Amino acid sequence: MTENAIDSQITVTLTIGLDTIVSTEHEYDRDGGYQGQREVTLLEAVAERIARQLTKDAREQIDYAGVRRRVDDAITEMVSVKLADFTEREIVPTDSYGNPKGPARTIAEEIVTAAAGWCNQPSGEYGRGGTRLQKIIREEIDRQFTKELKGAIDEAKATVTAKVRDHAAQLLADTLTAAGGAS
């Protein structure tokens, strides 16, 4: 420091109002096209910050799983009622002229009849594979049996491998012991 130091004061007066511009933002349209810059006032920045905090707090307080569950339950109930009404509705079979032919049946009965017909249709080449239902049952039994059999085979392989490894180690030890005693 020098002996002739200048003693001075600087006074700065800063006036900030709610309409003071504090930043600029780039604006884009819905398609991502640039629209230019916009000046942001202190009032807008504070309002944006408060709104963001309030919506964050509100989102944290909402039980989304509970809302989702209630909506799912309401939809399931509405669909179940409509489906029950629909399947209990009666239909009358008609000929090509619209004349009734046979007794009235519910849609549920028609669905059961159609499903049974599908299940009982022949499967495989020339119907030699039995019915479709028999084929489905056979394939499921095969899949389950294969899964169980694979587990049993893997377990047996592991047991045999462990026993062979133990026996080979014992043979090697016996051979080395015999070779060491013969010299």
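Does GLU125 fit the bill of being acidic (Asp, Glu), over 35 Å from the mean Cα position of the chain (by Cα), surrounded by fewer than 11 Cβ atoms within 10 Å (Cβ to Cβ) and modelled with pLDDT under 90?
On the way: acidic (Asp, Glu): yes; over 35 Å from the mean Cα position of the chain (by Cα): yes; surrounded by fewer than 11 Cβ atoms within 10 Å (Cβ to Cβ): yes; modelled with pLDDT under 90: yes.
When the stated conditions are applied, GLU125 passes them.
Could you list, ordered by first residue, the pairs with Cβ atoms under 9 Å in which the first is in the range 24-37 and free of Cβ contacts under 8 Å to residues at least 24 places away in the same chain and farther than 20 Å from GLU48 by Cβ and the second is assigned to a strand (DSSP E or B) and of a type in the set (Ser, Thr, Tyr), at least 6 apart or interchain?
TYR34/TYR28
Inside the range 61-93, can you point out the residues that are outside any helix (DSSP H, G or I) and more than 29 Å from GLU109 (Cβ to Cβ)?
Answer for the range 61-93, where residues must be outside any helix (DSSP H, G or I) and more than 29 Å from GLU109 (Cβ to Cβ): ILE62, ASP63.
Scanning for something over 41 Å from the mean Cα position of the chain (by Cα), surrounded by fewer than 10 Cβ atoms within 10 Å (Cβ to Cβ) and small (Gly, Ala, Ser), does the range 14-31 turn up at least one residue?
Taking every residue of the range 14-31 in turn, at least one turns out to be over 41 Å from the mean Cα position of the chain (by Cα), surrounded by fewer than 10 Cβ atoms within 10 Å (Cβ to Cβ) and small (Gly, Ala, Ser).
Is it fair to say ILE50 is at pLDDT below 85, among the hydrophobic types (A, V, I, L, M, F, W, C) and surrounded by 10 or more Cβ atoms within 10 Å (Cβ to Cβ)?
When the stated conditions are applied, ILE50 does not pass them.
Residues are listed down the side, and each one gets a yes or a no for (1) modelled with pLDDT under 90; (2) surrounded by fewer than 10 Cβ atoms within 10 Å (Cβ to Cβ); (3) touching a Cys at 6+ places or on another chain (Cβ under 6 Å):
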residue: ILE141; (1), (2), (3): no, no, no
residue: LEU149; (1), (2), (3): yes, no, no
residue: ALA162; (1), (2), (3): no, no, no
residue: ASP174; (1), (2), (3): yes, no, no
residue: GLY180; (1), (2), (3): yes, yes, no
residue: SER183; (1), (2), (3): yes, yes, no
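Which count do you get for residues in the range 95-132 that are in a loop (DSSP other than H, G, I, E, B) and among the polar types (S, T, N, Q)?
5
What are the residue pairs meeting all of these: first residue in the range 94-114, first residue modelled with pLDDT of 90 or more, second residue aliphatic (A, V, I, L, M) and part of a loop (DSSP other than H, G, I, E, B), Cβ atoms under 6 Å, and 6 or more apart or on different chains?
Cβ pairs passing all conditions: PRO100/VAL92; ALA104/VAL92.
The values are calculated or read from the model by the stated rules, or taken from the named source; none is laboratory data. For clarity, every value in this text was computed on a predicted model and none was experimentally measured. Quick reminder, even Gly has a Cβ in these numbers, built from the backbone with ideal geometry, and neighbours come from all protein chains shown.
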